[in-house]
Every structure is written in C-alpha cells, then in structure tokens.
Amino acid sequence: MSEIDGMTGEVVKWIRNHIPDKDRDPVNTAIKLSEEASELTHAIYTGDGSVADECADVLILLLDIAYLRGVDLNAAFVKKMEVNRNREWRKVKGALKNADAN
C-alpha cells in the first residue's frame, strides 16, 4: 500500500463518520476544494493563517474526490508527470506554464 492509499483510507474513514458515501457529492467536494485553494492562496499572499494547514485541507479534499470518482492517484500522478516531463515549459511570474497553453 502506498502512502497516498493510506492517507486516502484515513480521510474516507473520518468522513464516513459524518456523511455516508451514498450521500456524498464529488461536485460539492470540488467546490469546497476551490474554497480551500483560495484560502491557501490567501495564506501564502498575506502571511495570515497557516500555509501548512491550508495545504492539508486541499490534500484531504483532493484525496476524497479521487476516492469518490475511483481515481488511482498514484497511477494518475505517474502518468501526468511523464506527460509533464515531455512538454515544453516557460517561466511566467515565477511559476511554470505549459508553452502550448494560452
């Protein structure tokens, strides 16, 4: 079992104590993920709050969405990193951007 699998199991077990799988909606979880990503951006930009806590919130929600949609994050990560390694990248405002993207 991978570390991601272990974290996913812990997240799912915790959430199931509050909401059964059948009542969970990945769309609503994705909306919450967007909110938490915004909080992470705010924490980084302003220095207010804990970047570590916001990163953990984003990870928890991402793991839950992957679980709900049946995504193998280990396999998806490996596949996507291979794609990324074979793309051309440019630096834009201190971040990488796919050279083919708008």
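The values are calculated or read from the model by the stated rules, or taken from the named source; none is laboratory data. All values derive from a computational prediction rather than experimental measurement. Quick reminder, even Gly has a Cβ in these numbers, built from the backbone with ideal geometry, and neighbours come from all protein chains shown.
Looking at GLU36, GLU54, GLU82, can you tell me which residue is of a type in the set (D, E, K, R) and more than 13 Å from the chain's Cα centre (by Cα)?
GLU82
Matching residues to (1) modelled with pLDDT under 95; (2) not aromatic (Phe, Trp, Tyr); (3) not in a helix (DSSP H, G or I):
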residue	(1), (2), (3)
MET7	no, yes, no
VAL12	no, yes, no
THR29	no, yes, no
LYS32	no, yes, no
VAL58	no, yes, no
LEU61	no, yes, no
ALA66	no, yes, no
ASN84	yes, yes, no
ARG90	yes, yes, yes
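Criterion first (out of contact with any Asp or Glu (no Cβ under 7 Å at 6 or more places or on another chain), aromatic (Phe, Trp, Tyr) and surrounded by 13 or more Cβ atoms within 10 Å (Cβ to Cβ)) does TRP14 satisfy it?
So TRP14 fails the test.
So VAL71 clears everything in (1) of a type in the set (A, V, I, L, M); (2) part of a helix (DSSP H, G or I); (3) under 17 Å from the mean Cα position of the chain (by Cα) except one condition, right? Which one?
Only one criterion is unmet by VAL71, namely (2).
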